[in-house]
Amino acid sequence: MYQNAAIIAAIVLVYSVVAGRVARSWLSGPILFTAAGLAFGPLGLNVLRLEITADDLKVVAEASLAMVLFTDAAGSDLGVLRRSLGLPRRLLLIGLPLTIVLGFAGARLLLPELDPIVAALLATLLAPTDAALGAPVVINEAVPSKIREALNVESGLNDGICVPIVIILLDLVVGAEVEHNNIGRVFEVIVEEIGIGLLVGVVIVAPTVWALRFAARRGWTSAHWLHVPVVALAGLCFASAQALGGSGFIACFVGGLLFGYLLDRPQDLLGGAASTGEVLAMLTWIAFGGPLLGLLLHQVTWSMIVYAALSLTVIRMAPVFLSLAGSGMTASEKLFVGWFGPRGLASIVFAVIVFDAGAPGRQTLAIVTVCTVLLSVLAHGATANPLIAMLSRSRRDIG
């Protein structure tokens, strides 16, 4: 235990020293943490022996994603979002369904051993984009604000939208609750997941902001505890929504938007939650690069690699390009938005849920997910800064 703790602490220490330099390079935190997991884990020196279960990985990944969604939403520029609301609407209502349909078609072609419903499940769990992996683009002011806010809202809501679809398909696969003709049950799941998530985010955050203001005016707060309430608030939103049968991811994103809207300077309070999310994400990526890749990587086939590559390119980019037709964006901007749909924590969480449920074909789903996320970590991390610079140059040339 102490050997594992010492190695992880050393990784954190080294990265914290060079984090600013890494942010300006083609590297990224997830790339380095995954590489550290590979280097010290079973596929490397085998000195980092993390005996984690699927449930352990799910909890850490969910907690990380909850913090990232809350803090990103709270830091959003709602003025820009209101002016460019049509972009995320296009991405979520047109691009996301088309991505799932195209992903299903690709799975049927490349992975014919999968049952049609299992193929649809694979396409759905790989459809959500990752807020943490997309952070280098979302927070970089060299990227046009309308693009940053569109990607931020998309990554904040698409995983929550996919939750009920995953649950319905998983029920069909394992033959649990949903029958093929039970449309009422399908509608019920969608309303519960999305509706409860929305309600929880509003009901919890609004009185909390009032309480924080009340305490601040009376000098009840402490500088040492200034950043703690947001960490607890994000955790409360997620856990409460999940306990009530809703989507904790939607609760965190909606709660974060409301938090940022109700406070004049929310950034002053977000440091603790942002740091907590980064540390949890770091642990997730180390575990991903260590025991998870060590367990599954040797089972990867060429058809899985091809599907993973298509998932990050054609399956994602073609629907996004079509959904943005008539939006006034240039072709380079549409391609930029299409490319920066990284897969990460949400897909890992969904894959763990499917694996735990004992779905047929779960081994294939897990391996394809791991392969896709690994390619995404490498490709999106390495191309973020170069493509941002290229987009800036193309905008200057047009201007």
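The values are calculated or read from the model by the stated rules, or taken from the named source; none is laboratory data. Keep in mind the model is a prediction, meaning the values are calculated, not measured. Heads up, the Cβs are rebuilt from the backbone with ideal geometry, glycines too, and the neighbour counts pull from every protein chain shown.
Within region 11-32, how many residues are among the hydrophobic types (A, V, I, L, M, F, W, C) and under 22 Å from the mean Cα position of the chain (by Cα)?
Initial filter on region 11-32 (among the hydrophobic types (A, V, I, L, M, F, W, C)): 11-14, 17-19, 22-23, 26-27, 31-32.
Imposing the further condition that a residue be under 22 Å from the mean Cα position of the chain (by Cα) reduces the set to 12, 19, 22-23, 26-27, 31-32.
Qualifying residue count, region 11-32: 8.
Step by step: first the residues of region 113-137, then only those that are within 15 Å of Leu91 (Cβ to Cβ) and modelled with pLDDT of 80 or more, then the one that is nearest to the chain's Cα centre (by Cα). Which residue is that? Working first, answer last.
We begin by selecting, within region 113-137, every residue within 15 Å of Leu91 (Cβ to Cβ); these are 127-131, 134, 137.
From what is left, the residues that are modelled with pLDDT of 80 or more are 127-130, 137.
Working: Ala127: 10, Pro128: 7, Thr129: 5, Asp130: 3, Val137: 14 Å.
This residue is Asp130.
Regarding Leu57, is this residue over 16 Å from the mean Cα position of the chain (by Cα) and touching a residue at least 12 places away in the same chain (Cβ under 8 Å)? Show your work before the answer.
Numbers: over 16 Å from the mean Cα position of the chain (by Cα): no; touching a residue at least 12 places away in the same chain (Cβ under 8 Å): yes.
Judged against the criteria, Leu57 is not a match.
Conditions tested, residue by residue: (1) of a type in the set (Gly, Ala, Ser); (2) modelled with pLDDT of 85 or more; (3) closer than 18 Å to Phe238 by Cβ.
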{"position": "Ala6", "(1), (2), (3)": "yes, yes, no"}
{"position": "Ala9", "(1), (2), (3)": "yes, yes, no"}
{"position": "Val22", "(1), (2), (3)": "no, no, no"}
{"position": "Phe40", "(1), (2), (3)": "no, yes, no"}
{"position": "Leu48", "(1), (2), (3)": "no, yes, no"}
{"position": "Glu51", "(1), (2), (3)": "no, no, no"}
{"position": "Asp56", "(1), (2), (3)": "no, no, yes"}
{"position": "Ala63", "(1), (2), (3)": "yes, yes, yes"}
{"position": "Ala73", "(1), (2), (3)": "yes, no, yes"}
- Note on the structure: Expected single match for assigned to a helix (DSSP H, G or I), among the aliphatic types (A, V, I, L, M) and within 19 Å of the chain's Cα centre (by Cα) among Leu280, Leu297 is Leu280
- Please specify each residue of region 20-32 satisfying the condition of being of a type outside the set (Lys, Arg) and either assigned to a loop (DSSP other than H, G, I, E, B) or in contact with a His (Cβ under 6 Å, 6 or more places away or on another chain) (or both). Ser25, Trp26, Leu27, Ser28
- Message: Would you confirm whether or not region 334-344 contains a residue that is among the hydrophobic types (A, V, I, L, M, F, W, C), closer than 25 Å to Val60 by Cα, modelled with pLDDT under 85 and out of contact with any Lys or Arg (no Cβ under 7 Å at 6 or more places or on another chain)?
- Response: no
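For region 33-48, which residues satisfy the criterion of being outside any helix (DSSP H, G or I) and in contact with a Gly (Cβ under 8 Å, 6 or more places away or on another chain)? I'd like the intermediate steps shown before the answer.
Of the residues in region 33-48, the ones outside any helix (DSSP H, G or I) are 41-48.
Selection gives Gly41, Pro42, Leu43, Leu48.
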- Item | Lone qualifier among Gly255, Gly235 - being over 21 Å from Leu125 (Cα atoms), at pLDDT 90 or above, buried (at least 23 other Cβ atoms within 10 Å of the Cβ) and within 18 Å of the chain's Cα centre (by Cα) | Gly255
- Item | Pick from region 322-363, criterion among the polar types (S, T, N, Q) and surrounded by 20 or more Cβ atoms within 10 Å (Cβ to Cβ), ranking: farthest from the chain's Cα centre (by Cα) | Ser323
- Only one residue in Ile367, Ile388, Ile315 is modelled with pLDDT of 95 or more, part of a helix (DSSP H, G or I) and among the hydrophobic types (A, V, I, L, M, F, W, C). Which one? Ile315
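Looking at region 124-139, is at least one residue assigned to a helix (DSSP H, G or I), touching a Phe, Trp or Tyr at 6+ places or on another chain (Cβ under 6 Å) and buried (at least 24 other Cβ atoms within 10 Å of the Cβ)? Please lay out each step first, then the result.
So in region 124-139, the residues assigned to a helix (DSSP H, G or I) come out as 124-125, 135-138.
Right, trim to touching a Phe, Trp or Tyr at 6+ places or on another chain (Cβ under 6 Å) and you get 125, 137.
Of the ones still in play, those that are also buried (at least 24 other Cβ atoms within 10 Å of the Cβ) are 125, 137.
Yes, because at least one residue in region 124-139 is assigned to a helix (DSSP H, G or I), touching a Phe, Trp or Tyr at 6+ places or on another chain (Cβ under 6 Å) and buried (at least 24 other Cβ atoms within 10 Å of the Cβ).
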- Which ones in region 271-306 are crowded, with 23+ Cβ neighbours inside 10 Å and not hydrophobic (A, V, I, L, M, F, W, C)? Gly277, Thr284, Gly289, Gly290
- Item | Selection from region 318-347 of residues that are in contact (Cβ under 8 Å) with a residue 24 or more places away in the chain, in a helix (DSSP H, G or I) and either over 26 Å from Leu297 (Cβ atoms) or in contact with a Ser or Thr (Cβ under 7 Å, 6 or more places away or on another chain) (or both) | Ala318, Pro319, Val320, Leu322, Ser323, Ser332, Glu333, Phe336, Val337, Leu345, Ser347
